[in-house]
Amino acid sequence: MASNSAGYSLVRCGLLGFALAASLAWTTGVVAQKYPTRPIRVLIPFPPGGNVDVFGRVLWPQVEKELGQTVVIDNRGGANGMLGSHIVANATPDGYTLLHVSFSFAVNPSIVKKMSFDVVKDFAPVTDVALGTGYLIVSHPGFPPKTVKELIALAKQQPGKVRYSTAGVGNGQHLTGALFAERAGIDMLHVPYKGGGPAVTAVLGGEVQLHFPAPAVGIPHVKGGRLRGLGFTGGKRLTALPDVPTVAEAAIPGFLADAGWHGVFAPAKTPPAIVKKVQEAIRMALQVPHVRNYFLNGGYEPQGHTPAEWAKLFQADLKRYAEITRIAKIEPQ
């Protein structure tokens, strides 16, 4: 009799567990169907004017249309994206606070000893927005070199004198600049700023001689004559700047440095159905011709992977960038 009672209890517990799981799935589904019912805040953890901000302001208005709700962009620059990321890590996991960040998010764990959050445990990957094909090398018009070869020659004559600005220590511009210097056999002075916007302003104002902007940021300045385009670090010339050669063809055969990804993350424990709904809205927005063409013309290839696919890609990049920062000899601070 005791055996039958125990068996009945197990069956009852199993049925209760199934009922609870079914109820939770139903509740989550209902929440996702209703989401969003109020404005969504997207944290871009860099100042206005940088490449993530520029692309974000083209993408998110279209995502608004897909979701049927207002999206508010909130720029919170500082600490190579960590200040804004901290806000999202501690936000309520309900889909109303999202992070749109560059691949510096995957680099920071390798260059910062103590972070206020864990990029894996405290975030839910939503999707990768786009992958950059490369960076421009631009100079202040008053800087004498007019080609990559002339730049390298001058830098060899004046070790440590050529200054280049970036959006922060360990971001893509810094890694590309360090890789370029290493491959060219030169010594340049890295000058980090609190975001891409200030870094561009620095070269426009002559505080530094060089900058490595994303094409979408650098192209207008080159076409307007405010900056000189010396080279492009990608595998082929940009359609928008056909007269600017790749670094590989101009001076360093085989040189290639992509501009990394832009990606979206939500706070950990955000309901998977909501994460999926945001991912699908972004994927659809990236297929709209004017959005897609803006990314392509700016040197970025639209992506939009599912949350599961993006999680795998992100985990792989954490290991890849750990190796790149080691090669660049960036000591954790």
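Label positions at Ala273 and Glu301, each projected 7 Å from the Cα along the C-beta direction, are separated by 3.5 nm. From the alpha carbon centroid of segment 92-119 to that of segment 125-187 is 25 Å. Of the trypsin sites (Lys or Arg not before Pro) found in segment 159-189, the ones in coil according to DSSP and having at most 13 other Cβ atoms within 10 Å of their Cβ are Lys161. Once backbone amide H atoms are built at 1.01 Å from N, Gln303 has Ala130, Leu131 as its partners under 5 Å, excluding neighbours fewer than 5 places away on the same chain.
Evaluating 6.51 cos²θ - 1.76 cosθ + 1.60 at θ = phi - 60° for every residue in segment 230-241, the Karplus couplings come out as 8, x, 10, 7, x, x, 8, 4, 6, 4, 6, 9 Hz, glycine and proline recorded as x. Looking at the chain, the accessible area is 46 square angstrom per residue; that uses a 1.4 Å probe and ignores ligands, DNA and RNA. Couplings 3J(HN,Hα) for segment 53-66, derived from phi with the Karplus relation 6.51 cos²θ - 1.76 cosθ + 1.60 (θ = phi - 60°), are 5, 4, 6, x, 6, 8, 6, 5, x, 6, 5, 3, 5, 5 Hz, where x marks Gly and Pro.
Cross-link partners for Lys113 among the lysines, with Cα-Cα distance under 18 Å and sequence neighbours closer than 8 places in the same chain left out: Lys121, Lys319, Lys329. Taking only the Cα atoms of the chain, the radius of gyration and Dmax are 23.1, 95 Å.
Taking only protein heavy atoms and a 1.4 Å probe, the accessible area of the chain is 58% carbon and sulfur.
Counting only alpha carbon atoms, the long axis of helix 2-34 and the longest principal axis of the chain meet at about 50°. Potential lengthening of the chain between Glu331 and Lys319 amounts to 2.7 nm, from the contour at 0.36 nm per residue minus the alpha-carbon distance. Dividing the summed helix terms, -39500 (n - 2.57) for each DSSP H run of n ≥ 4, by the number of residues in the chain produces a 222 nm estimate of -15000 deg cm²/dmol to the nearest 500. Surface calculation, 1.4 Å probe, protein heavy atoms: His86 sits at approximately 70 Å² accessible. Close amide H partners of Ala167, meaning residues 5 or more places away or on another chain with modelled amide H under 5 Å apart, are Gln173, His174, Tyr193.
In the context of the full protein assembly, Glu301 retains an accessible surface of approximately 90 Å², using a probe radius of 1.4 Å and ignoring ligands and nucleic acids.
If you look at the Cα atoms of segment 161-200, you get an Rg and a Dmax of 9.7, 29 Å. Scalar couplings 3J(HN,Hα) for segment 165-177, obtained by applying the Karplus form with A = 6.51, B = -1.76, C = 1.60 to θ = phi - 60°, are 8, 9, 7, x, 5, x, 7, x, 5, 5, 4, 5, x Hz; x denotes Gly and Pro. Close amide H pairs (under 5 Å, H built 1.01 Å from N) link Ile40 with Thr70, Val71, Val72, residues at least 5 positions away or on another chain. On alpha carbon coordinates alone, what is the Rg over Rh value for segment 82-180, Rh being the Kirkwood radius? Taking Rg over the Kirkwood Rh, I get 1.10. In segment 121-265, what % of DSSP beta bridges are antiparallel (nearest 5)? Looking only at bridges with both residues in segment 121-265, the antiparallel portion is about 60 percent. For trypsin sites (Lys or Arg not before Pro), the sites in segment 52-141 that DSSP calls loop and that have at most 10 other Cβ atoms within 10 Å are Lys113, Lys114, Lys121.
The values are calculated or read from the model by the stated rules, or taken from the named source; none is laboratory data. Because the structure is predicted, anything quoted here is derived from the model rather than measured. Please note: Cβ atoms are built from the backbone with ideal geometry, for glycine as well, and neighbour counts cover all protein chains shown. Accessible surface areas use protein heavy atoms only, side chains included; no ligands, DNA or RNA. Shrake-Rupley method; radii C 1.70, N 1.55, O 1.52, S 1.80 Å.
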